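Peer 1: First the structure, then my questions, so here it is.
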Amino acid sequence: MVDFGPGAGQRGGEIVAMGTPRQVARCSGSLTGRYLAGRDEVAAPEHRRNGDGERIIVRGARHNNLRDLTVEFPLGRLIAVTGVSGSGKSSLVTDTLFPALARALQGSEAEAGDHEGIDGLELLDKTVMIDQDPIGRTPRSNPGTYVGVFDHIRRLYAELPESRQRGYAPGRFSFNVEEGRCSACEGHGAIKLESDFLADVWVECEACSGRRYDDETLGVRYRGRNIAEVLAMEVGEALEFFANQPKIRSMLQIMEDVGLGYIKLGQPAPTLSGGEAQRVKLAEELARPRTGRTLYILDEPTTGLHFADVQHLLNVLHRFVDEGNTVIVVEHHPDIVKSADWVIDLGPEGGAEGGTIVAAGTPEEVAACAHSHTGAMLRELLSKGEVEVADVHSATRRRHVKPGDIVVSGAREHNLRSVDAKIPRHKLTVISGMSGSGKSSLALDTIYAEGQRRYVESLSSYARQFVGQIDKPKVDRVTGLPPAVAIDQKQPSHNPRSTVGTVTTIYDYARVLFARLATPHCPRCGAEVGAKTQDQIAAELMSEFRGQRVLILAPIEPRGNEEWAELFERLHRQGWMRVRVDGEVQHLPLERAIRRRRQHSVEVVVDRVDLAEGRRSRVAEAVETALGLSGGRLTAAPVAP
């Protein structure tokens, strides 16, 4: 065993203990070792809940291997549905009960498994399935937005004096809104590089260095921290930082309670494990107002969880039940089963031999059932016997087996007459003989063909339909055969456009190289061409025209069939005072009309600003307005002294 820790997130990443299970169990600094040795444990509750006396009854469930099953689920309890693999747990709970309740209570269109009906629907308000699926697929998704605490943080930043002075609304601090986020990465903090011949990758945005926002938005600070620095905080750190903000603190406390104190508020969703994603969903449910009439369903929630994580999960599930709700858990984990108020054990075996109720009752009652596999496990757990850690030295050790030679038996392809051959590994073997003697029949049509056939058989049925069927060569047996590659002298292509680069695929990678790493240049002046963010444009203007007075202009054209006069009238209604027409600045409304059928250069004068020190904020706002008005273009023109 290799045990990592000592904590999670920034407090982890070190090897705490390494060795056999007994050696790790003796390590006092190892959390895993303490659980293995029994010094820490997930203790069974002293008292089981009796519930509220009401129950949900599933009648006549016949989905998959369920045998016309009628099951009672007592409300107000933590219920564990157990049984061996294939006994019908998921068929009953996730395929029948949950879809049926969702259709009846929430109008879902999910199809429920075959059953006669469900009694007691009036006792519930809603049902919720909490799984380990990701909370989002893009870097913009994160725990803060999913739980809802980020909405309150954005409102707090929008209420700061500097935000009010600039007219910033809460949306300014969202990386899902164009105004305020980094325009280069669109608020992802990373840029997705798509390739035809290589896997797509996300790389950190060079413009914002992963901060997701533009410089103007990051200029607003609360207690010395901007919005990007808040998203980079761990939940535990943020809990202290927002100690005087009750709404934010209460939601962060929920995330801390479910064991998420180590993750960052803005941690991208694709980087969360299944267990972390599940706890984020649990925190989101705890943050909602609850009626005490909800049925929560979890299907094997302990997959991939540590002992300590299981304890955090149980604390949350008990919290749901203590508020009057009901929790149904499909689970094998002994700590969950022994902590349940009620156990429904399906079986007795899997598949055709399952689908019936073996035992139902409290863990103690199920433990008394002699025919239940779960009961046998509970009897051992509830007896509170001494924990025993297996000794790895008593197990049979694996021996390293070297691959043998390639042996061909009974090859009969073409003119081969039941040929037997043995080809040694790691040596150069020559197959010789006169033309037509059977050399290619053995090497290509037998050995290579069998290697290809075995490779294709290892693919999924979906992939095999594109490869085609490869017939088995006429041979009795081929053993010791590794993956096979044949290099022949056939002309690779008859197309004159084929080159050495295309055949060897070097050209494909060269295309990716030029598309992703090459820098385009203007064919006229040789200047480097590339997209720039608003912050980069503002910085370049400040550097290029330092100390000068400059017009910030937004090029604009009529919409569709709009006339020039209609365009100027619309701009005047929007509050614009000046335009530059064919290089001449004029006031709106225009004193003289311009020719209708002539091409004109029209630019809205967004601002006339002195590019001196301390004007960076005004320049950035003008750049943002000009780009928004013109659709991504602007012109900077120095004003003659």
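Peer 1: Hand me the trypsin sites (Lys or Arg not before Pro) from the range 424-476 located in a DSSP loop with no more than 16 other Cβ atoms within 10 Å, in residue order please. Write out the running numbers ahead of the final one.
Peer 2: On the way: sites: 425, 427, 439, 453, 454, 464, 474; in loops: 425, 427, 474.
Answer by residue number: 425, 427, 474.
Peer 1: Note down the magnitude of the dipole of the chain about its Cα centre, charges +1 on Lys and Arg C-beta and -1 on Asp and Glu C-beta and zero elsewhere, to the nearest 20 debye. Could you put the intermediate results ahead of the total?
Peer 2: Numbers: 80 positive and 87 negative charges, 451 e Å.
For the chain, the charge dipole is close to 2160 debye.
Peer 1: How long, wide and thick is the range 405-501, going by the Cα atoms along their three principal axes, in whole angstroms, largest first?
Peer 2: Principal-axis extents of the range 405-501 (Cα, largest first): 43, 36, 28 Å.
Peer 1: Sorted from fewest to most neighbouring beta carbons within 10 Å, what does the list 440, 601 look like?
Peer 2: Numbers: 440 17, 601 12.
With the fewest neighbours first, 440, 601 line up as 601, 440.
Peer 1: May I ask you to evaluate 6.51 cos²θ - 1.76 cosθ + 1.60, the Karplus curve with θ = phi - 60°, for each residue of the range 70-81 and list the ³J(HN,Hα) values in order in whole Hz, giving x for glycine and proline?
Peer 2: Once rounded to whole Hz, the list reads 10, 10, 9, 10, x, 7, x, 9, 8, 10, 10, 9.
Peer 1: Then there is this: In terms of modelled amide H atoms, which long-range or inter-chain residues lie less than 5 Å from the amide H of residue 128?
Peer 2: Long-range HN contacts for residue 128: 295, 296, 297.
Peer 1: Quick check on the chain: helices-only [θ] at 222 nm, where DSSP H runs of length 4 and up contribute -39,500 (n - 2.57) each and the sum goes over total residues. Nearest 500, please.
Peer 2: -8500 deg cm²/dmol
Peer 1: Sticking with this structure for a sec: Reachable lysines from residue 192, Cα under 25 Å, same-chain residues fewer than 8 places away excluded?
Peer 2: 264, 532
Peer 1: When you have a sec, figure out the Kirkwood radius of the range 520-586 from all distinct Cα pair distances and drop it here in Å to one decimal? Please list the in-between numbers first.
Peer 2: Working: mean 1/r = 0.0657 Å⁻¹.
By the Kirkwood definition, the hydrodynamic radius is 15.2 Å.
Peer 1: I need the phi-derived Karplus couplings for the range 423-436: 6.51 cos²θ - 1.76 cosθ + 1.60, θ = phi - 60°, integer Hz, Gly and Pro marked x.
Peer 2: The phi angles translate into 10, x, 7, 6, 9, 8, 10, 10, 9, 10, x, 6, 4, x Hz.
Peer 1: Rank 243, 517, 630 by how far each Cα sits towards the positive end of the charge dipole of the chain (+1 on Lys, Arg Cβ; -1 on Asp, Glu Cβ) and give me just the farthest.
Peer 2: 517
Peer 1: Explain nothing, just compute: Karplus ³J(HN,Hα) = 6.51 cos²θ - 1.76 cosθ + 1.60, θ = phi - 60°, for every residue of the range 9-23 in order, whole Hz, x for Gly and Pro.
Peer 2: Result, ordered by residue: x, 5, 8, x, x, 10, 7, 8, 8, 8, x, 6, x, 5, 5 Hz.
Peer 1: Please compute the Kirkwood hydrodynamic radius over the chain, one decimal place, Å, based on all pairs of different Cα atoms. Don't skip to the answer; put the middle values down first.
Peer 2: Values: mean 1/r = 0.0312 Å⁻¹.
Across the chain, the inverse of the average 1/r is 32.1 Å.
Peer 1: Same structure again: Once fully extended, how much extra length lies between residue 599 and residue 204, figured as 0.36 nm per residue of separation less the alpha-carbon to alpha-carbon distance? Could you put the intermediate results ahead of the total?
Peer 2: Details: separation 395, 0.36 × 395 = 142.20 nm, distance 4.31 nm.
So the chain would gain 137.9 nm between residue 599 and residue 204.
Peer 1: Could you tell me which trypsin sites (Lys or Arg not before Pro) in the range 520-612 are loop residues by DSSP with no more than 10 other beta carbons within 10 angstrom of their beta carbon?
Peer 2: 524, 546, 559, 592, 595, 596, 597, 598
Peer 1: Within 10 Å of each residue's Cβ, count the other Cβ atoms and sort 130, 552 from fewest upward. The partial results should precede the final answer.
Peer 2: Values: 130 23, 552 26.
Neighbour counts put them in this order, fewest first: 130, 552.
Peer 1: For residue 607, what residues show an amide H to amide H distance below 5 Å, using hydrogens built from the backbone and excluding near sequence neighbours?
Peer 2: For residue 607, the qualifying residues are 552.
Peer 1: With +1 on the Cβ of every Lys and Arg and -1 on the Cβ of every Asp and Glu, and nothing else charged, how large is the dipole of the range 400-548 about its Cα centre, in debye rounded to the nearest 20?
Peer 2: I would put it at about 460 debye.
Peer 1: Return the Cα extents of the range 1-116 along principal axes one, two and three, sorted largest first, each rounded to a whole Å.
Peer 2: 55, 31, 29
Peer 1: May I ask you to sort 87, 498, 141 by Cβ crowding, counting other Cβ atoms within 10 Å and putting the fewest first?
Peer 2: Working: 87 27, 498 13, 141 18.
Ordered by Cβ neighbours within 10 Å, fewest first: 498, 141, 87.
Peer 1: If you keep only loop residues by DSSP, which trypsin sites (Lys or Arg not before Pro) in the range 201-236 have at most 13 other Cβ atoms within 10 Å of their Cβ?
Peer 2: Working: sites: 211, 212, 221, 223, 225; in loops: 211, 212, 221, 223.
For trypsin sites (Lys or Arg not before Pro) across the range 201-236 that sit outside H, G, I, E and B with at most 13 neighbouring Cβ atoms in 10 Å, the list reads 223.
Peer 1: Ok, one more. Just the Kirkwood number for the range 534-638, please: inverse of mean 1/r across all distinct Cα pairs, in Å, one decimal.
Peer 2: Working: mean 1/r = 0.0699 Å⁻¹.
Evaluated over the range 534-638, this radius sits at 14.3 Å.
No value in this document is a laboratory result; all are computed from the given coordinates. What you are looking at is a predicted structure, and each value in this text was computed from that prediction instead of being measured. Glycine also receives a Cβ, built like all others from the backbone with ideal geometry; neighbour counts cover every protein chain displayed.
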